[in-house]
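This report concerns only the one structure given below.
The values are calculated or read from the model by the stated rules, or taken from the named source; none is laboratory data. All values derive from a computational prediction rather than experimental measurement. Note: ideal-geometry Cβ built from the backbone for every residue, glycine included; neighbour counts use all protein chains shown. Ligands, DNA and RNA are excluded from the accessible area calculation, which covers all protein heavy atoms including side chains. Shrake-Rupley method; radii C 1.70, N 1.55, O 1.52, S 1.80 Å.
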Amino acid sequence: MMGDAAVLDDARLTRYARHILLDELGIEGQERLLAARALIVGAGGLGSPAALYLAAAGVGRITLVDDDVVELSNLQRQILHDMTGLGRPKAESGRDALLALNPDVQVRALVERLDDARLRELALDADVVLDCSDNFATRHAINRACVAARTPLVSGAAIKFSGQISVYDLRDADAPCYHCLFPEADDAEELRCATTGVLGPLVGMVGSVQAAEAIKMITGMGEPLVGRLLSVDALRMQWHTIRFRRDPDCPVCARRGPAAAASPGG
Ligand SMILES: [Zn+2]
């Protein structure tokens, strides 16, 4: 039975024991996870491991958004789904898989394409947002919503053998947003898995890093990937980190800085 508070009864102490044993996480961290709300946009290659790990970790309320249906060609990498899900909405197939793994969490499945207003509403209602989408337009829309709502954003991307992860903590006025790093361009060339291909385990690696960063953001442990872009080249299995700063002229986040808030002549 689902407790309304983040109470650690015997079943929970057992289920989450290997997390509770971690000094950096402990009982307090587990209670934060149970009380947390995560928004996962995309129930595909990245969203699959991200959602599975967050549900397994006991993130109390998970909203899974995807307007697509499960196809046979998804099953090479989208491990949230199986043969029984073919033709079903990914959000609903995913919700069933998460609840089968851990009935201790609440999962809301949204089969919809989100416009800016709806994204902002959902971002406001979340403690952390995971961008597991597969196109620039959605990524920028999620970023705008997270900047407006001041909700931390864990962003992941994967194509062919290349993956990238970063965290944008929009609660910090000096932290960069997604647009600071990847300015929106009309002529941006977009590679899609559907036409380009992607190594199955690569999306598992990237989505798992996203889950780890989301757990860190919720529990407050460690050092998040803020201001750092982590890249992986799975063909050579090389990982790199580059540091980046906020763009003071960024049209999405520039106005939130302390300079803009200061009163003139004050
Ligand atoms: Zn920005």
- Message: Suppose we keep only residues that are open to solvent by less than 20 Å² (accessible area, probe 1.4 Å) and part of a loop (DSSP other than H, G, I, E, B) within the range 159-188. Which one would you say is nearest to the ligand (Cβ to nearest atom)?
- Response: 177
- Message: I need a count of the residues in the range 94-108 that are open to solvent by less than 70 Å² (accessible area, probe 1.4 Å) and under 19 Å from residue 214 (Cα atoms).
- Response: 7
- Item | Failed item, numbered, when residue 194 is tested on (1) within 28 Å of residue 223 (Cα to Cα); (2) of a type outside the set (S, T, N, Q); (3) at pLDDT below 95 | (1)
- Item | Residues that are of a type in the set (Gly, Ala, Ser), farther than 12 Å from residue 54 by Cβ and surrounded by 14 or more Cβ atoms within 10 Å (Cβ to Cβ), drawn from the range 213-237 | 227, 231, 234
- Message: Quick check on my filter: what residues within the range 138-153 are of a type in the set (Lys, Arg) and over 14 Å from the mean Cα position of the chain (by Cα)?
- Response: 144, 150
- Query: What number goes with the only condition from (1) free of Cβ contacts under 8 Å to residues at least 60 places away in the same chain; (2) in contact with a Ser or Thr (Cβ under 7 Å, 6 or more places away or on another chain); (3) closer than 17 Å to residue 254 by Cβ that residue 170 does not pass?
  - Reply: (1)
- Message: Taking the conditions exactly as written (within 13 Å of the ligand (Cβ to nearest atom) and either at pLDDT below 95 or over 30 Å from residue 204 (Cβ atoms) (or both)), does residue 251 satisfy them or not?
- Response: yes
- Message: Among the listed residues 156, 207, 222, identify the single one that is modelled with pLDDT of 95 or more and part of a loop (DSSP other than H, G, I, E, B).
- Response: 222
- Query: Before we move on, is residue 144 touching a helix residue (DSSP H, G or I) at 6+ places or on another chain (Cβ under 8 Å), among the basic types (Lys, Arg), within 16 Å of the ligand (Cβ to nearest atom) and open to solvent by less than 50 Å² (accessible area, probe 1.4 Å)?
  - Reply: no
- Query: For residue 234, are the conditions met, namely being farther than 30 Å from residue 61 by Cβ, in contact with a helix residue (DSSP H, G or I) (Cβ under 7 Å, 6 or more places away or on another chain) and either within 14 Å of the ligand (Cβ to nearest atom) or at pLDDT 95 or above (or both)?
  - Reply: yes
